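Undergrad: Handing you a structure now.
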Amino acid sequence: MNRYVIVGTGVAGVSAAQAIRATDPAAEITLVSEDPHGFYSRPGLAYYLSGEIPDKQLWLYAKEDWQRLNVRFVAGRATRLLPGEHRLELGPAGALTYDRLLLAVGAKAVRLPVPGADLDGVAYLDTFEDARRLVALARRARSAVVVGGGITSLELTEGLAARKVRVHYLLRGDRYWPAVLDETESRLVEHRLVEDGVHLHYNTELVEVLGRRGRVAAIRTEKGEIIPCDLLAVAIGTRARLELAQQAGLETQRGILVNEQMASSVPDVFAAGDCAQVFDPLTGQWVMETLWNPARWQGYAAGLNMTGYETKYHHRPSFNVTRLAGLTVTIIGSLGGSRDDDLLTIARGESEAWRFGLEGVTLYQTADVNRLRLVVGQKTLLGALVMGDQTLSIPLQELITDQTDITPIREQLLRADVPLDKLIFNFWQATHPRQRGDQHG
Ligand SMILES: Cc1cc2nc3c(=O)[nH]c(=O)nc-3n(C[C@H](O)[C@H](O)[C@H](O)COP(=O)(O)OP(=O)(O)OC[C@H]3O[C@@H](n4cnc5c(N)ncnc54)[C@H](O)[C@@H]3O)c2cc1C
């Protein structure tokens, strides 16, 4: 009987267990996790914080699902991996031996590197425990400061505002999320935040957290301004958890380097999800992502390969459908972005691939809060951002993922003598006939 050990019970780890069980019904599968809450929707934490969903909606697996998967759980932190001995140490919880092991250990929020950052009341949104703590802090807080960029900083801002906390959102630069949004898109988001009562502070850098009796009482900015607050929420990026991989001698850069089989540089050790760094054929780079779907697909591919069922993980153009200040936004492929001082690394729900600027022509269409941005390559669409009206979200996901040859409409697109949205939609209908009914049915 084959023994599989998976470190991490996030979506990558659980998907790997599904793949192993589907291929090797007799396998012994052990899932190790230090998170007492196990497997839940991490993106859903933002909706729990804002009060839109109850906590029970975060758990994605029912008792019967676990029974069907038939895995053994070991609670605790994996502390040392000894690949030569096929052994994983778990601190006081003992040790496990394995035939194949998967590291699906995810990423962790980067800590704020300023004095006072360890005061009570400084919060992050990483785990269910963090979200629960934020809800408790918000109950007592009258005023909060949020720092950082990307999706999570807005989720914190909006979540706290929804809980009637007065929010000051500090931006180090002059606009929101320049790594991914262009100026028009940033302004659309900022405008809505201000309308919702959020106090935006541009060109403002937090340099110190000030406390009273061990608790956050205010923050001090570079210009010497003091902003009183009872809560400081931070989302300045994430870092892959590389401790085990580095100690075990796996090849790493910003993540654990894996090949198309999701195998690491060390025999019988695989990696998947937020901790893995994969090759992106579109940009020709090894990229990090903190996205739910790629973590799921990578985990599944890793699980299959661990059983000996050879399959390749093909990195697709990254996409996310998210919400920024109440506006639904789809981000796909490669868009090119500007320097972002609010993020030290990539944010949650992001792909490094979005930031790469490939050789292409950028086209725009804006109507009220609805915005369409396209990056047009020589033969294919390279990237797109759809803000507001989402009619083109699926068509563009498919056209970009499938690398559909756009030669028939390229000239027309560039001349822009037809509205971009109509041209794209009609082209998608013509090239993807199967999906037509789904979109309108
Ligand atoms: C607030 C928030 C918002 C997000 N928004 C989006 C979004 O809009 N769209 C999107 O696509 N994605 C979003 N994401 C990201 C998405 O949830 C992640 O990409 C995905 O959950 C990664 O899954 P994973 O299995 O790789 O890692 P994780 O879910 O992080 O799981 C890793 C697990 O490993 C465990 N672990 C780590 N080290 C050890 C150890 N040494 N010993 C034992 N256990 C260990 C951890 O406790 C954890 O259970 C968001 C995430 C958060 C937190």
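Undergrad: Is there a residue in the range 90-106 that is assigned by TED's automatic domain parsing to the domain that holds residue 252, among the acidic types (Asp, Glu), in contact with a Lys or Arg (Cβ under 8 Å, 6 or more places away or on another chain) and at pLDDT 95 or above?
TA: Yes, the range 90-106 has at least one match.
Undergrad: Mind checking which residues of the range 92-118 are touching a helix residue (DSSP H, G or I) at 6+ places or on another chain (Cβ under 7 Å) and within 16 Å of the ligand (Cβ to nearest atom)?
TA: Taking the range 92-118 first, the residues touching a helix residue (DSSP H, G or I) at 6+ places or on another chain (Cβ under 7 Å) are 100, 102-107.
Within the range 92-118, 102, 103, 104, 105, 106, 107 qualify.
Undergrad: Sticking with this one: Please indicate, with yes or no, whether at least one residue in the range 60-73 is part of a loop (DSSP other than H, G, I, E, B), at pLDDT 95 or above, under 22 Å from residue 239 (Cβ atoms) and hydrophobic (A, V, I, L, M, F, W, C).
TA: There is no residue in the range 60-73 that is part of a loop (DSSP other than H, G, I, E, B), at pLDDT 95 or above, under 22 Å from residue 239 (Cβ atoms) and hydrophobic (A, V, I, L, M, F, W, C).
Undergrad: Ok, one more. Please go through the range 200-218 and pick out each residue that is of a type in the set (Val, Ile, Thr) and in contact with an Asp or Glu (Cβ under 7 Å, 6 or more places away or on another chain). Spell out how you get there, then give the answer.
TA: Of all residues in the range 200-218, those of a type in the set (Val, Ile, Thr) come to 204, 207, 209, 216.
Across the range 200-218, the qualifying residues are 207, 216.
Undergrad: Sticking with this one: Applying the selection to the range 238-259, what residues are under 19 Å from residue 347 (Cβ atoms) and either at pLDDT below 95 or among the β-branched types (Val, Ile, Thr) (or both)? Talk me through it step by step, then tell me what you get.
TA: Taking the range 238-259 and keeping what is under 19 Å from residue 347 (Cβ atoms), we get 238-242, 253-255.
Result: 238, single match.
Undergrad: Still on this model: Among the candidates 146, 198, which residue alone is modelled with pLDDT of 95 or more, within 26 Å of the chain's Cα centre (by Cα) and within 15 Å of the ligand (Cβ to nearest atom)? Don't jump to the end; show me each part of the working.
TA: Details: 198 fails: within 15 Å of the ligand (Cβ to nearest atom).
The conditions single out 146.
Undergrad: Does any residue of the range 209-221 turn out to be of a type outside the set (A, V, I, L, M) and within 18 Å of the chain's Cα centre (by Cα)? Talk me through it step by step, then tell me what you get.
TA: Looking only at the range 209-221, we keep the residues that are of a type outside the set (A, V, I, L, M), and these are 211-215, 220-221.
Adding the requirement that they be within 18 Å of the chain's Cα centre (by Cα) leaves none.
Within the range 209-221, not a single residue is of a type outside the set (A, V, I, L, M) and within 18 Å of the chain's Cα centre (by Cα).
Undergrad: When only residues in the range 1-23 that are at pLDDT 95 or above, outside any helix (DSSP H, G or I) and surrounded by fewer than 24 Cβ atoms within 10 Å (Cβ to Cβ) count, which is farthest from the ligand (Cβ to nearest atom)?
TA: At the first step, the residues of the range 1-23 found to be at pLDDT 95 or above are 2-23.
This time we only want the ones that are outside any helix (DSSP H, G or I), so: 2-10.
Remaining after also requiring surrounded by fewer than 24 Cβ atoms within 10 Å (Cβ to Cβ): 2-3.
On the way: 2: 21, 3: 17 Å.
Out of the qualifying residues, it is 2.
Undergrad: Next question. Anything in the range 273-290 that is of a type in the set (Asp, Glu), over 24 Å from residue 379 (Cβ atoms) and either more than 10 Å from the ligand (Cβ to nearest atom) or not in a strand (DSSP E or B) (or both)? List them, or say none.
TA: Going residue by residue through the range 273-290, those that are of a type in the set (Asp, Glu) are 274, 280, 289.
Retained after the next criterion (residues that are over 24 Å from residue 379 (Cβ atoms)): 274, 289.
Matches in the range 273-290: 274 only.
Undergrad: Could you list, in sequence order, all residues of the range 291-313 that are under 20 Å from residue 331 (Cβ atoms) and either away from the ligand (no atom under 13 Å from the Cβ) or assigned to a loop (DSSP other than H, G, I, E, B) (or both)? Quick ask: steps written out before the conclusion?
TA: Applying the first criterion (under 20 Å from residue 331 (Cβ atoms)) to the range 291-313 yields 291-298.
Listed by number, the list holds a single entry, 291.
The values are calculated or read from the model by the stated rules, or taken from the named source; none is laboratory data. It should be emphasised that the depicted structure is a prediction, and the values quoted were computed from it without experimental measurement. Ideal geometry is used to build each Cβ from the backbone, glycine not excepted, and the neighbour counts take in all protein chains shown.
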